[in-house]
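K.L.:
The structure follows.
Values in this text are rule-based calculations from the coordinates and carry no lab data. Owing to the predicted nature of the structure, the values given are computational and were not obtained by experimental measurement. In this analysis, Cβ positions are derived from the backbone assuming ideal geometry, glycine residues included, and neighbour counts consider all displayed protein chains.
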Amino acid sequence: MSITQPRLGAALHTDDVDAALRQFLAARRAEAETISAAYASAVAELESYVLRGGKRVRPTFAWLGWLGAGGDADGPEAEAVLRTCAALEMFHVYGLIHDDVIDASLTRRGAPAAHVLFAEQHRERCWSGNAEQFGMGAAILIGDLAQCWADDMIRTSGLPARAQQRVAPVWATLRTEVLCGQLLDLSAEAAGTEDIDTPLLINQYKTASYTVERPLHIGAAIAGADARLTAAYRAFGVDIGIAFQLRDDLLGVFGAPEETGKPSGDDLIQGKRTVLVGAALQYADRQDPDAAKFLRARIGRPVCEEELGTMRTVITEVGAVDHVERDITARTDRAIAALRASGATDYAKDQLTAMAISATQRTS
């Protein structure tokens, strides 16, 4: 199976990424079928999950990082670079599956979350044991499989040995930072953290690292970029990655389910300790102690639609939404300024600027 060659000077298309993923997954599915029907069925579900949708922003950031550092979309390395970029999407799927288990989320991308799907299959087949426990176990395992396969996609991408050597430490750091962010997030939620600095740190390691900063860093590493361009990419990536998550936090409370693919208000019910929540509590403490008490009594607990509506109103009226919006704007402006001052190609600067604006102003 061949991969459609990207057009010279064009930002990476989702079809290009999907083609690379399909090629890799087809080989894995064939291997699975020789092992057992149960394993092949789980692999098929993972394949369906990977190809179900998504914006493919992480592969695109890596691709643009490579182009911006002198990569040639019509050159002999283009297909290998594409496969390496696509590995980021496989890694992203691992993160989503495990995130949904940790958060007990029921849906993802408008469909049942992986652990919910596997639990439903358990019940439909009248298997013994607890369906929910089985669902969580199966989801954790296919999430682990996605992470392993992301490693394999890079290892077998066809990149030259020197490029592989440059990418390896960046990829290792990316994996570690995501796990660090997940643990910080889990601890903050359990501790009921109310400050703003902690969720910002979580945003940096859980989201910014593997969404923007390290994908750009990987693209730069493939191309052998100098330290100045790499530093500019990373500065851009941290700010845009955090701004991306801040927008996600707003959508988690105010977003339309038909656009986000997840129930509106889920973050409040789950007790997610976001910058938005931290700002709301801090502002409410100063302005309206009764409102602060109301929020603390309901964050992390099942609430009705009317209570959710009141929580949204309080969060807005105390100024927390404006606080987050100001931070998104400041980070976006700072990131674009760092990018514009860098040595990246003009094409990459234009495309990355457009992606930055899109990522931080999105509605889904």
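K.L.:
Sort R247, R29 so the one with the fewest other Cβ atoms within 10 Å of its own Cβ comes first. Could the numbers behind the result be given before it?
P.N.:
Numbers: R247 20, R29 15.
With the fewest neighbours first, R247, R29 line up as R29, R247.
K.L.:
Still on this structure, please answer the following. R0 = 22 Å: FRET efficiency of D322 with I357, Cβ-based, nearest 0.05?
P.N.:
Details: r = 20 Å, r/R0 = 0.89.
Working from the Cβ atoms, E equals 0.65.
K.L.:
Additional query: What lysines does K262 reach when the alpha-carbon gap must be under 17 Å and sequence neighbours fewer than 8 apart in one chain are set aside?
P.N.:
Excluding near neighbours in sequence, the set is K55, K272.
K.L.:
Filter the chymotrypsin sites (Phe, Trp or Tyr not before Pro) in the range 106-190 to those in DSSP coil with at most 12 other Cβ atoms within 10 Å of their Cβ, and list the result.
P.N.:
On the way: sites: F118, W127, F134, W149, W171; in loops: W127.
In loop regions of the range 106-190 (DSSP not H, G, I, E or B), the sparsely surrounded chymotrypsin sites (Phe, Trp or Tyr not before Pro) are W127.
K.L.:
What are the ³J(HN,Hα) values, in whole Hz, obtained from phi via the Karplus relation 6.51 cos²θ - 1.76 cosθ + 1.60 with θ = phi - 60°, for each residue of the range 119-128 in sequence order, with x given for Gly and Pro?
P.N.:
5, 4, 4, 4, 5, 4, 8, 6, 6, 7
K.L.:
Of the residues G252, G75, G110, which exhibits the maximal mean-square fluctuation in a Gaussian network model of the chain defined by a 10 Å Cα contact cut-off?
P.N.:
Of G252, G75, G110, the Gaussian network model singles out G75 as fluctuating most.
K.L.:
Over 15 Å, how big is the tail of the calculated P(r) for the range 192-236, in percent of all Cα pairs? It would help to have the intermediate numbers written out before the result.
P.N.:
On the way: 478 of 990 pairs.
It works out to 48 percent of all Cα pairs.
K.L.:
Here's another thing I want to ask about it. Using only Cα atoms, what Kirkwood radius does the range 294-350 have, in angstroms?
P.N.:
Values: mean 1/r = 0.0695 Å⁻¹.
Mean inverse Cα-Cα distance, inverted, gives 14.4 Å.
K.L.:
Considering amide H positions built from the backbone, and no H for Pro or chain starts, which residues 5 or more places from T107, or on another chain, come under 5 Å of its amide H?
P.N.:
Amide H neighbours of T107, under 5 Å, 5+ apart: A113.
K.L.:
Using a simple spin-label model with points 7 Å from Cα along the Cα→Cβ vector, what separation in nm is obtained for A168 and A111?
P.N.:
Simple spin-label model gives 3.6 nm for this pair.
K.L.:
³J(HN,Hα) across the range 181-188 via Karplus (A = 6.51, B = -1.76, C = 1.60, θ = phi - 60°), whole Hz, x for Gly/Pro?
P.N.:
My calculation for the range 181-188 gives x, 5, 5, 4, 5, 4, 5, 5 Hz in order.
K.L.:
With Cβ to Cβ distances under 13 Å as the rule, what net charge do the other residues near A330 carry (K, R +1; D, E -1)? Numbers along the way, then the final one.
P.N.:
Details: positive: R326, R331, R334; negative: D239, D322, E325, D327, D333.
Overall, the nearby charge balance is -2.
K.L.:
Roughly how far apart, in whole Å, are the Cα centres of the range 103-143 and the range 33-88?
P.N.:
Using only Cα atoms, the two centres lie 25 Å from each other.
K.L.:
Moving to a separate point now. Which is farthest toward the positive dipole end of the chain among V116, Q287, S48, measuring Cα position about the Cα centre, with Cβ charges +1 (Lys, Arg) and -1 (Asp, Glu)?
P.N.:
The residue sitting farthest along the positive end of the dipole is S48.
K.L.:
Then there is this: In debye, nearest 20: dipole of the chain around its Cα centre with unit charges on the Cβ of K, R (+) and D, E (-)? Intermediate results must be reported in sequence, preceding the final value.
P.N.:
Values: 37 positive and 49 negative charges, 139 e Å.
It works out to roughly 660 debye.
K.L.:
Which whole number in µm²/s is D for the chain by Stokes-Einstein, with the Kirkwood Rh taken over Cα pairs at 37 °C and 0.692 mPa s?
P.N.:
Working: Rh = 21.4 Å.
In µm²/s, the coefficient rounds to 154.
K.L.:
Where does the Debye-calculated log10 I(q)/I(0) of the range 65-124 sit at q = 0.14, 0.15, 0.23, 0.24 Å⁻¹, using only Cα point scatterers of equal weight, no solvent?
P.N.:
Relative scattering, expressed as log10 I(q)/I(0), comes to -0.58, -0.61, -0.88, -0.93.
K.L.:
Now a separate question. Considering the range 33-148, what Rg and Dmax in Å follow from its alpha-carbon atoms?
P.N.:
When restricted to the Cα atoms of the range 33-148, Rg and Dmax are 17.0, 57 Å.
K.L.:
222 nm [θ] for the chain, helices only, -39500 (n - 2.57) per DSSP H run of 4+, per residue, to 500? Could the numbers behind the result be given before it?
P.N.:
Values: 17 runs with 264 residues, N = 364.
Rounded to the nearest 500, it is -24000 deg cm²/dmol.
K.L.:
How large is ³J(HN,Hα), in whole Hz, for each residue of the range 33-39 in order, when computed from phi with the Karplus curve 6.51 cos²θ - 1.76 cosθ + 1.60 and θ = phi - 60°, using x for Gly and Pro?
P.N.:
Along the range 33-39, the couplings run 5, 7, 8, 6, 5, 5, 5 Hz.
K.L.:
State whether the range 116-197 is rounded, prolate or oblate according to the following rule on the C-alpha gyration tensor (a ≥ b ≥ c being the square roots of its eigenvalues): a/c under 1.5 gives rounded; otherwise a/b larger than b/c gives prolate, and the remaining case gives oblate.
P.N.:
Working: a/c = 4.98, a/b = 1.31, b/c = 3.81.
Verdict is oblate for the range 116-197.
K.L.:
Taking H placed 1.01 Å from N in the peptide plane, check which residues at least 5 places from G70 or on another chain put their amide H under 5 Å from its amide H.
P.N.:
T345
K.L.:
A follow-up question, please. From the residues A86, G75, W63, which one has its Cα farthest along the dipole of the range 62-129 in the positive direction, the dipole being from +1 and -1 charges on Cβ of Lys/Arg and Asp/Glu about the Cα centre?
P.N.:
It is A86, whose Cα lies furthest towards the positive end.
K.L.:
Counting other C-beta atoms within 10 Å, which of T207, T353 has the fewest, and how do the rest follow?
P.N.:
Working: T207 23, T353 17.
Ordered by Cβ neighbours within 10 Å, fewest first: T353, T207.
K.L.:
A further question on this structure: With +1 on each Lys and Arg Cβ and -1 on each Asp and Glu Cβ, and nothing else charged, work out how big the dipole of the range 155-256 is about its Cα centre, in Debye to the nearest 20.
P.N.:
800
K.L.:
Placing +1 on the Cβ of each Lys and Arg and -1 on the Cβ of each Asp and Glu in the chain, which of G181, T313, L25 has its Cα farthest towards the positive end of the resulting dipole?
P.N.:
In the chain, that residue is L25.
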